[in-house]
Structure formats: structure tokens, C-alpha cells
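Following: one structure in C-alpha cells, then a few remarks.
The values are calculated or read from the model by the stated rules, or taken from the named source; none is laboratory data. Note that the coordinates shown come from a computational prediction; the quantities given were computed from them, not determined experimentally. Methodologically, a virtual Cβ is constructed for each residue, glycine included, from the backbone with ideal geometry; neighbour enumeration extends over all protein chains shown. Heads up: the accessible areas ignore ligands, DNA and RNA and are worked out on the full protein's heavy atoms, side chains in. Shrake-Rupley method; radii C 1.70, N 1.55, O 1.52, S 1.80 Å.
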Amino acid sequence: MDYTLREMMTVVAAREIKNDDIVFCGTGISMLAAMAAKSINAPDCVIFFETGAIDAALEEIPMAVADSRVMYHTASSGGLLDAFATMQNPTTGQKVIGILGAAQIDIFGNLNSTVIGDYFAPKTRFSGSGGGCDVASFVPRSMIFMQHEKRKFVKQLDYLTSPGHLDGPDGRRKAGLPAGGPELVITNMAVMRFDDTTKQMYLDGVYPGIEPQAVLDQMQFSVDISRAREVLPPSAGELAILREKCDPQRLIL
Amino acid sequence: MSKLAKDKVMPLEAAVKTYVHDGCHMAIGGFTINRNPMAAVYTIIRAGIKNLHLYVHSNGQAVDELIGAGCVAKVEIAYGGSGKFAATCIRFRKAIEAGLLQVEDYSNYQMTLRFLAGAMGVPFLPTRSSLGSDIVDKWGFSEGLRRSDPKLPNRKLTVLDNPFEDWGNTEKVVLVPAITPDVTLLHVQQADRAGNCRIDGLSFADVEQAKASKHLVVTCEALMEGDALHENAHHNQIPFIHVDAVVHVPFGAYPTACYQHYDYDPAYLKAYAVAAKDDEKYKDYLDTYVYGVADHQTLIERIGTERMDGIKADPRTGYAANLDRR
């Protein structure tokens, strides 16, 4: 079966979404993953966007979370306050899974989407938090899309935009954040998860044909690779839905 | 003009001249590539207004063009990006990397709360967002800058132990300060002469931005005559008492989208992204599409009927279905 790494990443993420999840999506591949989940394994999951759209029909893939495509056939079209209430509400908030991305990630799943270099004289400036810091602060579960590169899996973030497990198992509590934090990281090579006890990242799975050592070679820090298994590639059925239904124009794929 | 006046319709140039000045503190509505008040932004650029202090949550095209044209000195922002067209706004990025723009970073929710606090007339609002992050620890504006501008609070934010102890299962909160812009610019689908506004689709944080502001300039796709918006008034989000100027500008959000009217123009946004990467090409872009047109209608005419028809919203979905966005 021929498939691209982006297709693999999208399907791996879609499989993590449960039928009773409320899914918070950002721009790009995270949107596609949520659309794929809805078409493949979690038809009843609800997709929502920080812009205030809840349960949009998503007949076409949005190019941004403010795309008019998120406004069509919603359950409710509000604004930012509504969206952030959904993820903090004691009832609905507990069902939310966030999907995030970043320029840098550390071993505890903290994210940088603000700058490379000194914050006060940056070498590279990125978009900034948007709603990323908010969702990372509030929701009980999140997954993160990353490219596996040494400059992205870093020992020390240049800027901590969105809190993961901060400095370890007690990090979020000490900081005053609700319990939660990232559950997994999906990359172009592998799936990483966070150890229940240490909250440090470990290698949970590698894509077919990829050696665990090759994954470590793309990271500044070392992680446990003893639990790594091979991740099941996308099936013909999953690929067909992804290509024909979710992203026929290949805007994201 | 009184905010209670029944007819606030005026030309865009006059509204900008009256309410937007060098160095003023300005908020912009819309979100990344949707309902940005582009006609007003281009008018500000053509008017040569400088040293603006901007307040936005997630903005894309409007912020980037204002920065690219050299109108902005400082920005308080959560996100500068135009979706897939520019993951990070290009002139925004260049200006920061060149040290030409001072930035204070917040999150989207924090910026929204700051506008809401301004609208409510309270000095700050609490949130748990950003605890443990560099948004709390690193302040873009120096203490000196904050002291030198009476329109700025003396702190970016502050962390407070919950005074109600463990009420709400919360130990601490981040307090974010209210924003009171001198002027806010919005583009809406419908407004009447007094300024009552009806937004279709998502309102983003437009309502909070509108109500936080000392002055509010609204551009609209459709200018509704008489009492039309008093029918089904539960569909209105902003009552006229907040509004200072109403300007009828069809396609006023172009090249960003306006739900139920037109989509974003992928050709424009892609060409913009190419031009924005190169200073010479960017100058050509400004000369052709901004300084080279007298007003927004001239820009729309220059783009041409064929392209404008191509982004016309399909009435069922509110966007241009099957638009080639590659």
C-alpha cells in the first residue's frame, strides 16, 4: 500500500479520537485529522474551533480556523468567548481533546510557537500562541503534531508558549494549571507518548521501516525506546476516505 | 458626532481622518483571513498614518498590511498568521526580526478577556491560561515604555492566589489588564445608518472589541435603510450606541472573506505572500494595489469581474464552494 507520511500522521491522529470526544482543532493537518476521524472511526465526535464554531459540517477543508467553511451548518456560531468556555466548562471541558503543533517541543511536551533565539531579539519569529496556550492550559488531553528534527525536539525551549507537563509529574499542579497535558506526539517518523510516572516522553511506536535509533538521531534529548512497537499503516479504506472525501484538492495532504 | 445620532453614514476617508490618528491605539476586528476591515486598513495606509499601537487577538491580513506599510510601532497580539497562505504573517515576522516592531504576546483568550474587561469597565479579568509559560514571564514592553505611555497599564499581567481559596478548584489565576482602544475598526455584513450591526456567521471577538473602544468605525456590505434591522433585532450583535461612523463598502473585507457574501481570494493572498517575502516586490505590491488605487472600489474593479464572481459566496454554504484554493 502506497501512502505518504502526512497520510500516515493524519490517520494515526484520527485513530486517537473517540466517538464521544469534543475535538479542538487548529489550522492544517489537525483539521484534516479531525475530519478523517469523523469519517472513519468517530462519526459522532464534535469538532470545534477557537473562533466559536461548534460542530460545523465541514463539507470542504478550511484553510484557517476562521475560514467561512467552519461557519456552515454549525450547531452554534458564536465567538472566541464561547469557544474558550467550551474547553473550560466543567462538563464539556472534560470531553475536549486538543490538537496542537509547534516549532519546538521538549521532553515534557511543552511547546514553543513564538520565537527561535532570544525573545527580545529573535532570529525567527513565529505566529505566537493564538489559542494554543489556552487549549494547552485548559484541556485534559491533547495531541501534538511535529516534524521529527533535531532543531525541533530540543533540550531547552527558546520560549515556552504552551504548557505541557512543565517540569514533570507535579508541574502543572505547582503552576496552578488544571490536570491534563499532552498524551501523545505524532511525527513524520513515530508516535511518542508520556510516561504515567515521570511525564517524560517515550517512544511508543515507529512507522514501518523506521528504526528506533533513527528517531533518536532526530532529537536533542534521549528517550526510552524499549516500549516501541510498529505502528499499523493506513488501510486502503482509510486512505480512500482521506483522499477522496476529506482532502480531494490535496490542500493539506 | 454623537454616538446617539441617527445617521452616522460618512465616506471612509472622512471616518479615518476623524477617528484614526498618528500614534493612536487601535483594535481590528475579524480573524486571520475572515472579515478583516481591509477597505479601512488600505485607507489608513493611503492616508500615511504612522506609529499605531495595535490590539488584536488572531489577525492576519490587516495586521500584516498595516505593518508592511510602516504604519505600526507596537502591537499587542496573540497570533499573526493567515492560515495556509502564511503560517506566520510575513511582514510581521520581518519587522520583528529587524527590530522595527515592539510586540507584547498574549493568548487569544487573554486578548478576548482584555477587550471584554474594557467593555465591562473593570480593570482586569482572571484566567488560568498561560500559568507556567513564558507569556507570564517574558514581557515585550519595557517598564520604561509602560511608564512613558499613560494609555498602557504598568504591568503586562500578574499572577494572583485565588482570594476565594480553593473555590472553583483553582489555586491561582493570571489577571490580564483591560484594553480601551482609541478606535476599533470592524467590517460587518449589515449595518443601518445609526450603526446597529448584524454579523453573519462567527462574530470572533468583534463585539467585545467594539464595546471596549472609545470610538468605533464600522464598514458594511449592506447599508440597511430605515428600521430594517429593528426587525428580528435578536440577530444584531452591536447596538448603535457604541458606533461613531458607518461606511457602506461592498467587498470591504476583500481580499479576506465575508461569510454569505464572498470567500477569501486565494490568488490575491498567494500573490501577496510571494511579494511580502521580498522588499522590492513588496514595494511594487503596495504601489500597484494600495497606493495605485484611489479607493476600495477601484481595487475591486482592477481585480475584475471574473475573479470577483469566482469568489462569490454560494447561498447554501456561505462560501465559494469548489473554489480552486491550491
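Descriptive notes on the structure:
- Given +1 at the Cβ of Lys and Arg, -1 at the Cβ of Asp and Glu and no other charges, the dipole of segment B:190-326 around its Cα centre is 300 debye to the nearest 20.
- Using the 1.4 Å probe convention, the accessible area of segment A:176-232 works out to 43 Å² per residue with neighbouring protein chains retained.
- Segment A:1-120, accessible surface, carbon-and-sulfur percent (1.4 angstrom probe): 53 percent
- Å² of accessible area per residue within segment A:1-78, as computed with a 1.4 Å probe and no ligands counted: 30 Å²
- Ellipticity estimate at 222 nm from DSSP helix runs (n ≥ 4, -39,500 (n - 2.57)) divided over the protein assembly as shown, nearest 500: -7000 deg cm²/dmol
- Computed over protein heavy atoms with a 1.4 Å probe, the carbon and sulfur contribution to the accessible area of segment B:123-177 reaches 54%.
- Along each principal axis, Cα extent of segment A:5-246, largest first, Å: 46, 43, 35
- Protein heavy-atom accessible surface, 1.4 Å probe, per residue over chain B: 38 Å².
- Once backbone amide H atoms are built at 1.01 Å from N, A:Gly98 has A:Phe24, A:Arg141, A:Ser142, A:Met143 as its partners under 5 Å, excluding neighbours fewer than 5 places away on the same chain.
- Charge sum, other residues only, whose C-beta stays under 12 Å from B:Asn51's C-beta, Lys/Arg counted +1 and Asp/Glu -1: 0
- Förster radius 45 Å - calculated FRET efficiency between B:Leu145 and B:Ser2 (Cβ-Cβ, nearest 0.05): 0.80
- Tail fraction, Cα-Cα pairs, the protein assembly as shown, threshold 44 Å, whole percent: 14 percent
- Reported to the nearest whole Å, the Cα centre-to-centre distance from segment B:22-52 to segment A:43-65 is 28.
- Taking B:Ala245, B:Ala212, B:Ala222 as the candidate residues, the one with maximal mean-square fluctuation in a Gaussian network model of chain B, Cα springs under 10 Å, is B:Ala222.
- Members of segment B:26-70 that become less accessible by 30 Å² or more once partner protein chains are added (1.4 angstrom probe, chain alone as reference): B:Phe31, B:Asn34
- Average other protein chain Cβ within 10 Å of Cβ, residues A:115-127: 5
- Residues in segment B:195-232 that, when all protein chains are in place, have 10 Å² or more less accessible area than the chain alone would give (probe 1.4 Å): B:Gly201, B:Leu202, B:Ser203, B:Phe204, B:Glu208
- Kirkwood Rh in Å, taken over all unlike Cα pairs in chain B: 20.2 Å
- Three-way shape call for segment B:123-177 based on the alpha-carbon gyration tensor, with the a/c threshold at 1.5: prolate
- Using a 1.4 Å probe over protein heavy atoms, the accessible area lost on pairing B with A, summed over both chains, comes to approximately 4800 Å².
- Accessible area per residue (1.4 Å probe, heavy atoms of protein chains only) ranks B:Glu97, B:Glu208 as B:Glu97, B:Glu208, with the largest value leading.
- Theoretical FRET efficiency, 1/(1+(r/R0)^6), r = Cβ-Cβ of A:Glu230 and B:Asp295, R0 56 Å, to 0.05: 0.35
- In this simple spin-label model, placing a label point 7 Å from the Cα along the Cα-to-Cβ direction at both B:Arg307 and A:Gln156 gives a separation of 4.8 nm.
- Put a plus charge on the Cβ of each Lys and Arg, a minus charge on the Cβ of each Asp and Glu, and nothing anywhere else: the dipole of segment A:5-246 about its Cα centre is then about 320 debye.
- A loss of 10 Å² or more of accessible area (1.4 Å probe, protein heavy atoms, ligands and nucleic acids excluded) relative to the isolated chain is seen in these residues of segment B:109-123: B:Tyr109, B:Thr112, B:Leu116.
- You can think of it this way: the chain between B:Asn154 and B:Thr288 has 44.0 nm of extra reach, that is 0.36 nm per residue less the Cα-Cα gap.
- For the peptide B:131-144, the mean number of other protein chain Cβ atoms found within 10 angstrom of a residue's Cβ is 6.
- Gap separating the Cα centres of segment A:1-40 and segment A:235-251, nearest whole Å: 11 Å
- FRET efficiency, B:Glu165 to A:Thr92 (Cβ-Cβ, R0 25 Å, nearest 0.05): 0.45
- Mean-square fluctuations from a GNM of chain B, with a 10 angstrom spring cutoff on Cα atoms, peak among B:Gly144, B:Gly70, B:Gly81 at B:Gly144.
- Fraction of beta bridges assigned by DSSP in chain B that are antiparallel (%, nearest 5): 30 percent
- Among B:Leu113, B:Leu202, B:Leu185, the largest mean-square fluctuation in a Gaussian network model of chain B (Cα springs under 10 Å) belongs to B:Leu202.
- log₁₀ of I(q)/I(0) at q = 0.12, 0.16 Å⁻¹ - segment B:85-216, Debye sum with one point per alpha carbon: -0.61, -1.01
- For segment B:251-326, fraction of C-alpha pairs farther apart than 15 Å, in %: 58 percent
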